[in-house]
Amino acid sequence: MDDVEKAILISFDESGAIDSALKSQAVSFCQQIKETPTVCRLCIEKLCFCRLVQVQFWCLQTLHELIRVKYALLSLQEKDFIRKSVFSMCCFEAIDDQNNNAVRILEGGPAFIKNKLAQVFVALVYFEYPLIWSSVFVDFLLHLRKGAVVIDMFCRILNALDDELISLDFPRTSEEMGAAGRVKDAMRQQCITQIVTFWYDVVSMYWNSDPDLCSGVLDSMRRYISWIDIGLIVNDLFIPLLFQLILVDGGSDQLQGAAAGCVLAVVSKRMDHQSKLSILQSLQINRVFGLLTGDGDSELVSKVATLVTGYASEVLECYKWVNTDDAKGVSLELLNEVLPSVFYAMRNFEVGTTFSIVQFLSCYVATMKSLSPLREKQLRQVGQILEVICAQIRYDPIYRDNLDMLDKIGREEEERMAESRKDLFLLLRSVARVAPDVTQIFIRNSLASSISSMSERNVEEVEASLSLLHALGESLSDEAIKTGSGLLHELVPNLLSTRFPCHSNRLVALVYLETITRYMKFVQENTRYVPMVLAAFLDERGIHHPNFHVSRRASYLFMRVVKLLKAKLVPFIEKILLSLQDTVARFTTMNHISNEFSGSEDGIHIFEAIGLLIGMEDLPSEKQSDYLSSLLTPLCHQVEALLINANVLNPEESPVKVANIQQIIMAINALSKGFSEHLVTTSRPAIGVMFKKTLDILLQILVVFPKIEPLRNKVTSFIHRMVDTLGASVFPCLPKALGQLLAESEPKEMVGFLVLLNQLIRKFNTSMHHIVEEVFPAIASRIFRIFSTKELPSGDGISSEEIRELQELQKTFYTFLHVITTHDLSSVFLSTKSRGYLDKMMHLLLHSACNHKDILVRKVCVQIFIRLIKDWCPRPYGEEKVPGFQRFIIDGFAMNCCYDSALDKSFEFHDANTLILFGEIVLAQKVMYEKFGDDFLAHFVTKCFTSAHCPQDLASQYCQKLQGNDMKALRSFYQSHIENLRFQQNGSLVFR
């Protein structure tokens with residue numbers, strides 16, 4: 001063993017026994033050898049005399065790299081030497097006949113060495129066939145008489161040629177595509193007929209004695225059928241042979257499957273649809289249908305299933321594209337013949353990955369629309385399609401426990417099935433539209449079968465049947481569900497009255513409740529079923545189900561049911577509240593929070609449902625008060641107790657108590673959603689008093705826990721709710737609430753605070769004047785401390801999340817100013833306490849109106865200025881309400897925003913939002929002229945027209961447009977003017 005061989009062995013070592021430094025040295029040494037001029041001779045020599053597979057592989061890999069990368073740099077002698085040596089190795093000849101120790105690489109070598117040799121051979125074909133080495137395939141065919149070893153090698157070369165160059169299953173460069181076309185054209189012209197003859201001769205001669213060799217030959221042949229003359233395969237010799245191999249009793253599964261693969265390649269070959277139909281008809285594919293009854297796990301049955309489904313898909317394509325009635329009749333006949341086997345294969349086997357069950361069936365269902373009314377045969381096929389859908393959506397029982405516990409495996413399987421079911425349910429809806437009666441009968445029978453079984457073992461069957469019924473609802477109109485069209489009048493009552501033995505299973509329980517909810521409009525019209533609905537949700541099938549995930553989902557669905565049925569549930573309120581006592585009690589006792597519920601909305605839906613029920617005016621006033629008091633009082637007492645003991649909590653208790661309070665606030669908030677402002681403030685004010693007391697108690701949370709963000713957010717959310725619920729009667733609570741919220745506001749909290757103020761101002765308008773006047777100075781102080789400069793803070797010490805929060809705060813602040821000005825509250829800015837911030841506010845607004853990256857923010861700022869001009873500026877020559885404001889507007893706003901910013905390249909007229917902003921800028925000019933008259937006009941025209949060296953008549957036109965009433969004409973004129981000025985800046989001014 002020389003140094004080269006040693007280095008190669010060390011570099012390939014994966015045992016870990018070799019020192020890493022030594023291995024690195026060996027790899028480096030091997031790389032240096034690759035760079036030597038004599039490396040190709042060294043590789044050939046090693047391949048001739050060395051039996052070490054690592055050395056053989058390294059040499060073949062090096063030769064492959066050499067040919068692919070440096071072929072153009074090789075001398076003619078080197079190319080000739082490589083060509084002859086590789087050809088000899090592939091043909092089972094010794095390169096050096098004089099040496100008795102010469103190695104024949106095909107003799108007993110592992111498959112990966114032979115495949116690598118085939119790869120090297122194909123690399124030569126890429127560069128040399130047909131221009132340089134034109135006889136390569138013809139020459140090789142002469143050596144096939146040497147027997148199985150050379151035949152096997154020739155098949156490997158054909159496979160490598162397909163993988164490396166011809167197959168479109170891999171991405172190819174344009175150069176590779178050109179080479180592939182060149183090789184295929186030459187082979188068609190020169191040798192493909194001989195190769196096909198070789199395939200036939202070998203298979204017909206050796207299929208019985210050497211099935212593995214014949215399988216390899218057929219696998220190679222399958223790859224080439226897509227681009228050779230189909231007549232070479234579809235003839236009286238080859239097709240009978242292929243079917244003979246498929247149908248032989250006791251044959252090799254591998255050989256039979258390979259033959260089926262070749263027939264599938266024939267079926268799938270692209271060609272004129274009329275010609276394709278003739279071939280499909282001639283195949284008599286029904287001969288293989290019987291093989292589908294075999295073992296579903298065998299390779300043969302799987303291959304035959306793929307063949308049958310592929311054949312059916314091609315027949316369907318022919319039906320879609322052939323033009324004559326005769327051809328369509330033949331297609332339909334072939335389709336009807338193959339479909340039962342296709343349905344059987346779909347239900348029982350894994351069909352090929354290239355075949356989409358849903359796509360095929362969807363296409364077939366689409367053709368059924370043209371066959372309306374459906375004949376008996378088509379109706380039977382609809383039933384078979386539904387059986388396929390049902391089989392495909394059924395979970396594998398092997399995952400039953402995983403899905404019930406919802407562990408990692410269960411979640412992955414549920415996600416996979418949810419994705420798979422999307423297309424299958426689309427197909428179901430298509431079938432339901434084509435054959436509604438058959439679909440409903442099938443689902444009824446499927447459900448009846450599941451019910452009759454009454455065994456806990458049929459979980460998957462029950463779940464699939466219920467899922468079909470649930471999905472069917474999506475194809476039905478609200479009217480169809482209401483009236484119980486078709487069999488719905490039977491299906492829905494049966495569903496409501498059924499108790500499945502497997503109801504404890506999570507999936508069954510969930511889909512059962514979802515399905516009931518889907519058909520709730522039927523119950524809305526047929527109120528006699530309301531007790532059955534309530535029973536399903538309130539007993540162990542729903543909210544009291546032992547599985548947490550089911551009870552949580554049941555709570556949400558029950559809330560939706562209550563929203564829909566509402567008034568029809570009044571007679572049952574007492575019973576409902578009694579059933580929910582234990583659920584509600586979990587929120588009205590200390591330390592109830594579980595890990596599952598903590599900090600989430602889960603479980604809160606029960607309180608929303610109860611609020612919807614007891615918030616109806618149909619309920620007697622006294623009962624309503626009692627119900628609400630029985631819920632609010634213990635919840636408020638719990639909050640008070642937690643707040644009293646807050647100072648003595650240890651670090652371990654504090655998060656639990658905070659989570660308790662958070663959950664209680666969400667429960668009260670959800671409960672209040674059922675009460676309207678009219679009921680609380682007008683018809684039953686006592687209810688309003690209860691909510692005001694509750695608000696007072698919850699506001700104490702901000703005093704005790706001022707800096708705990710989740711609690712601040714939940715209390716703020718409740719204040720929002722109370723604004724809508726209590727209306728103007730919330731006013732006495734606002735100063736305290738707003739004071740507490742403002743006390744500890746960071747940028748993120750300030751956003752929530754401003755949003756609340758916006759809601760209050762929009763609802764109560766000028767009634768909010770005193771409150772806004774009181775809080776605005778504190779808000780302005782915080783804002784201008786944060787935004788001490790016109791640009792947002794940035795730098796290494798600022799995180800992207802902090803920048804995002806500041807951007808959100810800035811936008812919300814501008815919205816706040818906009819809401820103030822558009823609700824006649826701009827006088828707030830002029831109060832004694834606020835006036836000190838006016839100058840900073842004006843300059844910040846002006847900077848953003850001109851430069852902010854968000855066009856919509858710029859628009860808001862311009863609109864604020866327009867409102868302020870209208871509010872603070874009298875008609876021309878009147879006394880100034882705000883000294884200096886008019887000058888600021890004319891010199892600053894008019895020039896910088898209405899003129900300079902519009903000239904900036906960031907102002908894109910083809911952008912829709914920018915055009916809206918531009919419209920506001922033009923409106924601002926109109927308003928400034930109305931308020932300031934010639935003072936504005938003289939200054940603006942001088943700057944925008946005279947200083948820009950525009951013709952005098954252009955300035956006159958602007959004045960005329962501004963003084964007129966046609967805003968569209970003014971806007972169009974000013975846009976044209978700005979665009980002309982931009983051209984002028986670029987040295988190409990053309991005035992029109």
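The values are calculated or read from the model by the stated rules, or taken from the named source; none is laboratory data. Here the structure is a predicted model, which means the values were calculated and not measured. With ideal geometry, Cβ positions are generated from the backbone for all residues, glycine too; neighbour counts draw on all protein chains shown. Heavy atoms of the whole protein, side chains included, go into the accessibility calculation; ligands, DNA and RNA do not. Shrake-Rupley method; radii C 1.70, N 1.55, O 1.52, S 1.80 Å.
Here the condition is being under 22 Å from T517 (Cβ atoms), part of a helix (DSSP H, G or I) and open to solvent by 70 Å² or more (accessible area, probe 1.4 Å); of K369, K422, it holds for K422 alone. Out of V330, V304, one residue alone is among the β-branched types (V, I, T), open to solvent by 30 Å² or more (accessible area, probe 1.4 Å) and in a helix (DSSP H, G or I). It is V330. Scanning the stretch 939-960 finds no residues that are of a type in the set (A, V, I, L, M), touching a residue at least 12 places away in the same chain (Cβ under 8 Å) and surrounded by fewer than 18 Cβ atoms within 10 Å (Cβ to Cβ).
The residue that is most open to solvent (accessible area, probe 1.4 Å), among those in the stretch 193-241 that are hydrophobic (A, V, I, L, M, F, W, C) and part of a loop (DSSP other than H, G, I, E, B), is L237. Please tell me if L643 is touching a residue at least 60 places away in the same chain (Cβ under 8 Å), more than 19 Å from I604 (Cβ to Cβ) and either open to solvent by 40 Å² or more (accessible area, probe 1.4 Å) or out of contact with any Lys or Arg (no Cβ under 7 Å at 6 or more places or on another chain) (or both). Against the criterion (touching a residue at least 60 places away in the same chain (Cβ under 8 Å), more than 19 Å from I604 (Cβ to Cβ) and either open to solvent by 40 Å² or more (accessible area, probe 1.4 Å) or out of contact with any Lys or Arg (no Cβ under 7 Å at 6 or more places or on another chain) (or both)), L643 qualifies. The set of residues from the stretch 734-782 being within 22 Å of L679 (Cα to Cα) and either touching a Ser or Thr at 6+ places or on another chain (Cβ under 6 Å) or surrounded by 18 or more Cβ atoms within 10 Å (Cβ to Cβ) (or both) comprises L734, L760, F764. So which residues in the stretch 170-192 are part of a loop (DSSP other than H, G, I, E, B) and closer than 13 Å to D229 by Cα? Matches in the stretch 170-192: C191 only. Of all residues in the stretch 535-555, exactly one satisfies the criterion of being surrounded by fewer than 19 Cβ atoms within 10 Å (Cβ to Cβ) and aromatic (F, W, Y), namely F548. Here K6 passes the criteria (1) open to solvent by 40 Å² or more (accessible area, probe 1.4 Å); (2) in contact with a Cys (Cβ under 6 Å, 6 or more places away or on another chain); (3) modelled with pLDDT of 90 or more except the one numbered (2). In the stretch 804-855, of all residues being among the basic types (K, R) and not in a helix (DSSP H, G or I), the one that is most open to solvent (accessible area, probe 1.4 Å) corresponds to K853.
Within the stretch 501-534, the set of residues being part of a loop (DSSP other than H, G, I, E, B) and open to solvent by less than 20 Å² (accessible area, probe 1.4 Å) comprises N505, Y519. Just one of the numbered conditions (1) more than 54 Å from the chain's Cα centre (by Cα); (2) assigned to a helix (DSSP H, G or I); (3) loosely packed, with under 13 Cβ neighbours inside 10 Å is not true of L42: (3).
The rows are residues; the columns are (1) over 25 Å from L144 (Cα atoms); (2) not polar (S, T, N, Q).
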{"site": "V4", "(1), (2)": "yes, yes"}
{"site": "A7", "(1), (2)": "yes, yes"}
{"site": "S24", "(1), (2)": "yes, no"}
{"site": "F29", "(1), (2)": "yes, yes"}
{"site": "T36", "(1), (2)": "yes, no"}
{"site": "C90", "(1), (2)": "no, yes"}
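Only one of the numbered conditions (1) open to solvent by less than 80 Å² (accessible area, probe 1.4 Å); (2) of a type outside the set (K, R); (3) out of contact with any Pro (no Cβ under 7 Å at 6 or more places or on another chain); (4) within 20 Å of F121 (Cβ to Cβ) is not met by Q77, and that is (1). Taking the criterion of being of a type in the set (A, V, I, L, M), under 14 Å from S362 (Cβ atoms) and open to solvent by 20 Å² or more (accessible area, probe 1.4 Å), the residues of the stretch 425-441 that qualify are L426, V434. Restricting attention to the stretch 683-726, the residues being over 25 Å from V658 (Cα atoms), of a type outside the set (A, V, I, L, M, F, W, C) and buried (at least 18 other Cβ atoms within 10 Å of the Cβ) number 3. Under the condition of being in a helix (DSSP H, G or I) and in contact with a helix residue (DSSP H, G or I) (Cβ under 7 Å, 6 or more places away or on another chain), the residues counted in the stretch 285-301 number 10.
Kindly list, by first and then second residue, each pair from a residue in the stretch 363-377 that is in contact (Cβ under 8 Å) with a residue 12 or more places away in the chain to a residue that is in a loop (DSSP other than H, G, I, E, B), limited to pairs with Cβ atoms under 8 Å and residues at least 6 apart or on different chains. Filtered contacts from the stretch 363-377: M368/L374; M368/A435; L374/A435.
Residue selection: K931 fails the criterion of being among the basic types (K, R), free of Cβ contacts under 8 Å to residues at least 60 places away in the same chain and under 17 Å from V862 (Cα atoms). The residues of the stretch 121-153 that are open to solvent by less than 20 Å² (accessible area, probe 1.4 Å), in a loop (DSSP other than H, G, I, E, B) and under 13 Å from F87 (Cβ atoms) amount to a single one, Y129.
Listed by first and then second residue, the pairs linking a residue in the stretch 615-626 that is over 17 Å from K673 (Cβ atoms) to a residue that is buried (at least 17 other Cβ atoms within 10 Å of the Cβ), with Cβ atoms under 7 Å apart and 6 or more places separating them unless they lie on different chains, are S621/R684; S625/I687.
Every residue, every condition in (1) free of Cβ contacts under 8 Å to residues at least 12 places away in the same chain; (2) at positive phi; (3) assigned to a helix (DSSP H, G or I), yes or no:
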residue: A21; (1), (2), (3): yes, no, yes
residue: P37; (1), (2), (3): yes, no, no
residue: C48; (1), (2), (3): no, no, yes
residue: W58; (1), (2), (3): no, no, yes
residue: Q61; (1), (2), (3): no, no, yes
residue: V69; (1), (2), (3): yes, no, yes
residue: M89; (1), (2), (3): no, no, yes
residue: A94; (1), (2), (3): no, no, no
residue: I105; (1), (2), (3): no, no, no
